[in-house]
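The values are calculated or read from the model by the stated rules, or taken from the named source; none is laboratory data. Quick caveat, the model's predicted, so the values are computed rather than measured. Positions of Cβ are generated from backbone atoms using ideal geometry, with glycine treated the same way; all protein chains shown enter the neighbour counts.
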């Protein structure tokens, strides 16, 4: 993963890169995995899997396509240190 010099963006080349960046943003926003999972209506285990870059067919194929087509994906944080005030109940739509 290529990141800016302390800035809120990264070029991601794999599910692991994306997961690591999202974990960093979650921590910068003062959220635990449990809190993020609750807001998204998913399990903490699933948040962990995403942040760990655990392979799934969709992510693997997506990054294979991106790399094969010689594309670059850059993710940018809109507010890298703010805590998101909205929350959703567990089990809500994703």
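Here are a few things to note about the model shown:
- Those residues of region 31-58 which are assigned to a loop (DSSP other than H, G, I, E, B) and modelled with pLDDT of 95 or more, in sequence order: 31, 32, 41, 42, 43
- Selection from region 47-72 of residues that are surrounded by 15 or more Cβ atoms within 10 Å (Cβ to Cβ) and within 13 Å of the chain's Cα centre (by Cα): 47, 49, 50, 51, 53, 59
- Of the criteria (1) in a loop (DSSP other than H, G, I, E, B); (2) touching a helix residue (DSSP H, G or I) at 6+ places or on another chain (Cβ under 9 Å), which one residue 62 fails: (1)
- Filter result for residue 77 (closer than 17 Å to residue 24 by Cα and either at pLDDT 95 or above or crowded, with 16+ Cβ neighbours inside 10 Å (or both)): yes
- Per this entry, residue 21 is counted among residues that are in contact with a strand residue (DSSP E or B) (Cβ under 6 Å, 6 or more places away or on another chain) and modelled with pLDDT under 95.
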